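Note sheet for the following structure.
The values are calculated or read from the model by the stated rules, or taken from the named source; none is laboratory data. For clarity, every value in this text was computed on a predicted model and none was experimentally measured. Cβ: placed from backbone, ideal geometry, glycine included. Neighbour counts: every protein chain shown.
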Ligand SMILES: [Fe+2]
Ligand SMILES: [Fe+2]
């Protein structure tokens, strides 16, 4: 790309980001605080401003949703970890209404943006379910009547979209991750709204992850470092799915078994959709009555899953994951829910329990304001082998994530900080993973190439050594961005 083209691309990236941000935030604030709220008014202003600026650079343009990505014309908008929620959110808002593209054919003013957003927000689920083309026609008719230069286009069938073959595997793994978050959000939201559950989409997205797991395991594991406080449940569901798949893979499960395990893991906290939001999002400790309500989520999950039409083996595995993930391996130690006799969890429940605990411990949540570093979580979990967890499975899990799991921030002997990007292939060298140094010796963030700490240099000396893990939040470093 030549310099002027490069500059234009950077400008479109920045303006596109602003358009997505204002589009998403404004829809959300209008819905929760109404049209006359100060934030809604400001959002509309920003929307007008961003769309008109893009128009002045490109002329008529389209904002397109393609699976989980957003494009301005054919430029894919890049996003950092923080912006990901907005991008996901807007893609979901548009796709759930059957909309695939918004075409901006001329300059907009605030009246035009208001009318456009209003026509989108009017869409009902029934309208989409009956015929999404009606939604598109209704919005376009309204825009024409009011001479507003905006047009929408129906979302394309996923099969019509350009295939992933041109995308490199890393990109595909990232795409699969975000798609899984979207699907987890859709399934859990429909459970929350008491709608009939359909695990077909979940199965499709997990099958894709199983394929990618074979070659891009570390990219997927790296994605689990993404922190999204607002969407904790959806990201947690996908992370638990990824850790369960990685463990299942080491146990030699077949692809079919892995797919079922992955979907089951993704659904393990389904029952939380029935826990009142005030308890789920309460800051600080829960009182004993609230803990009792929270502890009902495994049974609530089974109750939701049992409502599904046609109880397949996939549904049963999902019920096991939901019911058993807080039970202890040792039947003499109480977990929850209370069970009779000396109940021993199924292997699916035992795997999901390990994946669940690891992700929960290493993520900051409302009631655990501080996350534990990945290596400390692992040490705690290993000590629980034979008690809380299956001793063999937890050892295999510890081995697969390594002494310094992918996504851990570490301090190197050279004084640099680095992010662990891949475990060493040789399990005897698990303390020497691949790392990407991210700061210089003075602690200033600088881009550097990844190094394999297990490969000695020409004079036999190792390239660097890990001294210890560092809490990424305490040093203010967002590890996830190095996997994006
Ligand atoms: Fe749970
Ligand atoms: Fe969980």
* Report whether or not residue 418 is surrounded by 14 or more Cβ atoms within 10 Å (Cβ to Cβ) and either modelled with pLDDT under 80 or closer than 30 Å to residue 353 by Cβ (or both). => no
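It is to be established whether one or more residues within the stretch 301-317 are within 13 Å of ligand 1 (Cβ to nearest atom) and either at negative phi or surrounded by 15 or more Cβ atoms within 10 Å (Cβ to Cβ) (or both).
Scanning the stretch 301-317 turns up at least one residue that is within 13 Å of ligand 1 (Cβ to nearest atom) and either at negative phi or surrounded by 15 or more Cβ atoms within 10 Å (Cβ to Cβ) (or both).
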* Name the residues in the stretch 441-484 that are closer than 14 Å to residue 413 by Cβ, in a loop (DSSP other than H, G, I, E, B) and in contact (Cβ under 8 Å) with a residue 12 or more places away in the chain, would you? -> 441, 453, 462, 463, 464, 465
* Asked: Can you tell which of 335, 284, 349 is at positive phi and out of contact with any strand residue (DSSP E or B) (no Cβ under 9 Å at 6 or more places or on another chain)?
  -> 284
* Structure fact -> The condition of being over 13 Å from residue 188 (Cα atoms) and either more than 12 Å from ligand 1 (Cβ to nearest atom) or at pLDDT below 95 (or both) holds, among 231, 239, only for 239
* With the stretch 48-158 as the region, which helices (runs of 4 or more DSSP H) entirely inside it contain at least 2 residues that are surrounded by 18 or more Cβ atoms within 10 Å (Cβ to Cβ) and in the same structural domain as residue 19 (by TED's automatic domain parsing)? -> 84-95, 110-121, 132-145
* **Index of the failed condition, residue 226 passing every other in (1) assigned to a loop (DSSP other than H, G, I, E, B); (2) under 11 Å from the mean Cα position of the chain (by Cα); (3) at pLDDT 90 or above** => (3)
* Asked: Which condition number in (1) at pLDDT 90 or above; (2) within 16 Å of ligand 2 (Cβ to nearest atom); (3) under 20 Å from residue 217 (Cα atoms) is the one that residue 393 fails?
  -> (2)
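Tally the residues that are closer than 15 Å to residue 483 by Cβ and at pLDDT 85 or above, restricting the search to the stretch 438-467.
Of the stretch 438-467, the ones closer than 15 Å to residue 483 by Cβ are 438, 447, 450.
If we keep only those that are at pLDDT 85 or above as well, we get 438, 450.
Within the stretch 438-467, residues that are closer than 15 Å to residue 483 by Cβ and at pLDDT 85 or above number 2.
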* Structure fact -> The condition of being over 24 Å from the mean Cα position of the chain (by Cα), away from ligand 1 (no atom under 16 Å from the Cβ) and in the same structural domain as residue 333 (by TED's automatic domain parsing) holds, among 443, 386, only for 386
* Structure fact -> Flagged in the stretch 275-300 as touching a residue at least 60 places away in the same chain (Cβ under 8 Å) and either surrounded by 20 or more Cβ atoms within 10 Å (Cβ to Cβ) or touching a helix residue (DSSP H, G or I) at 6+ places or on another chain (Cβ under 8 Å) (or both), in numbering order, are 280, 282, 286
* Every residue from the stretch 208-241 that is within 16 Å of ligand 2 (Cβ to nearest atom) and farther than 19 Å from residue 371 by Cα -> 241
* Residues satisfying the stated conditions in the stretch 81-115, i.e. farther than 23 Å from residue 134 by Cα and modelled with pLDDT of 85 or more -> 87, 106, 107, 108, 109, 110, 111
* Residue within the stretch 303-313 that is assigned to a helix (DSSP H, G or I) and more than 18 Å from residue 193 (Cα to Cα) present -> yes
* Select from the stretch 349-372 the residues that are away from ligand 1 (no atom under 12 Å from the Cβ) and either modelled with pLDDT of 90 or more or crowded, with 22+ Cβ neighbours inside 10 Å (or both) and list them in ascending order. => 350, 351, 354, 358, 361, 362
* **Within the stretch 261-293, tally of residues that are closer than 25 Å to residue 349 by Cβ and away from ligand 2 (no atom under 16 Å from the Cβ)** => 2
* **Selection within the stretch 452-484 - within 17 Å of residue 372 (Cβ to Cβ) and touching a helix residue (DSSP H, G or I) at 6+ places or on another chain (Cβ under 7 Å)** => 469, 472
* Mind checking whether some residue in the stretch 331-348 is within 16 Å of ligand 2 (Cβ to nearest atom), buried (at least 21 other Cβ atoms within 10 Å of the Cβ) and closer than 23 Å to residue 241 by Cα? -> yes
* Matching residues, the stretch 234-259, being buried (at least 17 other Cβ atoms within 10 Å of the Cβ) and more than 18 Å from residue 393 (Cα to Cα) -> 234, 235, 236, 237, 238, 259
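Answer yes or no as to whether residue 324 is crowded, with 16+ Cβ neighbours inside 10 Å, modelled with pLDDT of 90 or more and over 25 Å from the mean Cα position of the chain (by Cα). Give the steps one after another, and end with the answer.
Details: crowded, with 16+ Cβ neighbours inside 10 Å: yes; modelled with pLDDT of 90 or more: yes; over 25 Å from the mean Cα position of the chain (by Cα): no.
Spelling it out, it is not the case that residue 324 is crowded, with 16+ Cβ neighbours inside 10 Å, modelled with pLDDT of 90 or more and over 25 Å from the mean Cα position of the chain (by Cα).
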